[in-house]
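The values are calculated or read from the model by the stated rules, or taken from the named source; none is laboratory data. Being a predicted model, the structure only gives us computed values, none of them experimental. With ideal geometry, Cβ positions are generated from the backbone for all residues, glycine too; neighbour counts draw on all protein chains shown.
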Amino acid sequence: MGREPMTGSTSAPDELTIALAQLHVEAGNVTANLERALEAIEQAAARGADLVALPELFSVGFFAFDRYDELAEPVEGETLTRVREAAADAGVAVLAGSIVEDLAATESVPTPADEGLANTAVLFDADGNRKLAYRKHHLFGYESAESELLVPGERLETASVCGMTVAVTTCYDLRFPELYRRFVDDGADLLLVPSAWPYPRIEHWETLSRARAIENQCYVATINGSGHFPEADATLLGRSTVYDPWGVPLASSGEEPSLITCELEPGRVESVREEFPALDDRRVGRQE
């Protein structure tokens, strides 16, 4: 089981154990994909994880474009309900990397449009309470149908989970540093990035992720999937990684499915920023 939620104290824990679940994702096979996700949550809890993160479109598969309409669900749908229940049963916070959301059917979260689909990640705490919902802001257009099929997100939220202020972005968002700076200005010290990043852009995946940690002096955890999608001739490159506020990789996976864990220090972000106060020296875009 995960650690018991803290009660009677507002102080942050000295350490937070994060688990990145790099799942094998099959295009359109929601049943099998969801079972892998639930099993990973249980395994992560058994290893003492406080927070488990799943990849982008872990249940549908990013490249299953022709199945998006058929497999879309509201935020209150079966996939996220089962993840929420698994989080509560295991006593761990869970980032449900993302689903294809049916905006017209969602009732409990404000939507950017009355209809259409969105790439939506939801963060649950260890009691199964929904802490935030993030819809992917930057939709990939390069040889991809994503920008034609989906509605971009508008809401930017952070949430306090396990003693850290957490924000979520998704995959292609990594190429837009202004989004991350906005979250840091809002207090984020842990940025979670569920992704479906394919070959051959390994250097981009590693460099952009590390840069987001260095320039914002915060933890960045990138959670990629694993698997091949013949219909798109695409293979996910894996390499899920946790970077510390100096940009140092603390834990990383290879290409194959894996579950990696890593210890984070909630107070380390503040100490790094005090030691090297680069954020205080900004002259453009700084929020007063």
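Quick check on this structure: which one of Leu95, Leu156, Leu191 is under 21 Å from Ser209 (Cα atoms) and either charged (D, E, K, R) or touching a residue at least 60 places away in the same chain (Cβ under 8 Å) (or both)? Walk me through it before giving the result.
Details: Leu156 fails: either charged (D, E, K, R) or touching a residue at least 60 places away in the same chain (Cβ under 8 Å) (or both); Leu191 fails: either charged (D, E, K, R) or touching a residue at least 60 places away in the same chain (Cβ under 8 Å) (or both).
Selected residue: Leu95, the only one of Leu95, Leu156, Leu191 that is under 21 Å from Ser209 (Cα atoms) and either charged (D, E, K, R) or touching a residue at least 60 places away in the same chain (Cβ under 8 Å) (or both).
Hey, can you tell me all the residues within segment 259-278 that are assigned to a strand (DSSP E or B) and of a type in the set (S, T, N, Q)?
Step one: filter segment 259-278 for residues assigned to a strand (DSSP E or B), giving 259-264.
Matches in segment 259-278: Thr261 only.
Pick out the one residue from Leu191, Leu237 that is closer than 19 Å to Glu15 by Cβ and surrounded by 17 or more Cβ atoms within 10 Å (Cβ to Cβ).
Answer to the check: Leu191.
Just checking, does segment 278-287 include any residue being surrounded by 13 or more Cβ atoms within 10 Å (Cβ to Cβ) and of a type in the set (D, E, K, R)? Talk me through it step by step, then tell me what you get.
Restricting attention to segment 278-287, the residues satisfying the condition of being surrounded by 13 or more Cβ atoms within 10 Å (Cβ to Cβ) are 279.
From what is left, the residues that are of a type in the set (D, E, K, R) are none.
No, that holds for no residue.
How many residues does segment 118-127 contain that are touching a residue at least 40 places away in the same chain (Cβ under 8 Å), surrounded by 19 or more Cβ atoms within 10 Å (Cβ to Cβ) and either in a loop (DSSP other than H, G, I, E, B) or touching a Leu at 6+ places or on another chain (Cβ under 7 Å) (or both)?
6
Within the group Arg130, Arg135, Arg82, which residue is among the charged types (D, E, K, R), at pLDDT 95 or above and surrounded by 19 or more Cβ atoms within 10 Å (Cβ to Cβ)?
Numbers: Arg130 fails: surrounded by 19 or more Cβ atoms within 10 Å (Cβ to Cβ); Arg82 fails: surrounded by 19 or more Cβ atoms within 10 Å (Cβ to Cβ).
Criteria check complete, one pass: Arg135.
Which members of segment 47-78 meet the condition of being more than 16 Å from the chain's Cα centre (by Cα) and not in a loop (DSSP other than H, G, I, E, B)?
Across segment 47-78, the qualifying residues are Phe65, Asp66, Arg67, Tyr68, Asp69, Glu70, Leu71, Glu73, Glu78.
Would you mind telling me which numbered condition in (1) free of Cβ contacts under 8 Å to residues at least 60 places away in the same chain; (2) surrounded by fewer than 23 Cβ atoms within 10 Å (Cβ to Cβ); (3) of a type in the set (Gly, Ala, Ser) Gly163 fails?
Result: Gly163 passes all but (1).
Restricting attention to segment 93-117, which residues are among the acidic types (Asp, Glu) and either surrounded by 18 or more Cβ atoms within 10 Å (Cβ to Cβ) or modelled with pLDDT under 95 (or both)? Even if it seems obvious, please write down each step before you answer.
Taking segment 93-117 as the starting set, the residues that turn out to be among the acidic types (Asp, Glu) are 101-102, 107, 114-115.
Residues satisfying the conditions are Glu101, Asp102.
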